[in-house]
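Student: Dropping a structure here in structure tokens format, bear with me for questions.
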Amino acid sequence: MSRKNKKVFLSYGHQDRPFVRFLASDIRATRVELWIDDLEILPGDSLIGKISKGLADSDYVLACLSQTSVQSNWVRTELEIAATRGIRERRALVLPLLVDDVELKHIPAFLSHLWLYSRICGQSDD
């Protein structure tokens, strides 16, 4: 019997799309199944319906936090839905990933103490 691969929903601000595509490529190499809007939402699809289904079908939500994504209403909504589900299921569902320097006051309170890593390879301090 084979074990089902985990599915991860990528939540990000569209200004971070180049980084997220790079990240998605690396994650796919580990055989983790991804839900990313570029591939899942087609013209004419219901945004709310597709995003809701993507969140419901995913095991985790990788929250790519940047100065722009923390200002996005879509990202906030996705994280609120995931956090509510995590509370209901009594488990960590949202995995925060700092993409750039984000002031702590702009990060949702329930994520402010969790980090995967604070610097992303391939980005310089220049």
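Student: Calculate for the chain the 222 nm mean residue ellipticity that helices alone would give, adding -39,500 (n - 2.57) per DSSP H run of length 4 or more and normalising by residue count, nearest 500 deg cm²/dmol.
Tutor: Helices in the chain give a 222 nm mean residue ellipticity of -10500 deg cm²/dmol.
Student: Using 0.36 nm per residue, how much length does the chain from Arg91 to Trp74 gain when fully extended, once their Cα-Cα distance is taken away? Walk me through the numbers on the way to the answer.
Tutor: Values: separation 17, 0.36 × 17 = 6.12 nm, distance 2.27 nm.
Additional length available on full extension: 3.9 nm.
Student: Suppose each label sits 7 Å from its Cα in the direction of the beta carbon; what would the Gln67-Ala109 distance come out to in nanometres?
Tutor: Computed distance between label sites Gln67 and Ala109 equals 2.6 nm.
Student: At a Förster distance of 25 Å, what's the computed FRET efficiency of Leu42 paired with Asp101, Cβ-Cβ distance as r, to 0.05?
Tutor: Values: r = 35 Å, r/R0 = 1.39.
Rounded to the nearest 0.05, the efficiency is 0.10.
Student: Could you give the C-alpha radius of gyration of the chain expressed as a fraction of 2.2 N^0.38 Å, taking N as the number of residues it contains?
Tutor: Numbers: Rg = 14.4 Å, N = 126, 2.2 N^0.38 = 13.8 Å.
Rg over 2.2 N^0.38 Å, computed on Cα atoms: 1.04.
Student: Same structure again: Straight-line reach only, C-alpha to C-alpha below 28 angstrom: list the lysines that Lys4 could link to, leaving out same-chain residues fewer than 8 apart.
Tutor: Lys50, Lys53
Quick note: the coordinates plus some simple rules give every number you see, no bench work behind them. Since this is a predicted model, take the numbers as computed values, not measurements. Virtual Cβ from ideal backbone geometry, glycine too; neighbours counted across all protein chains shown.
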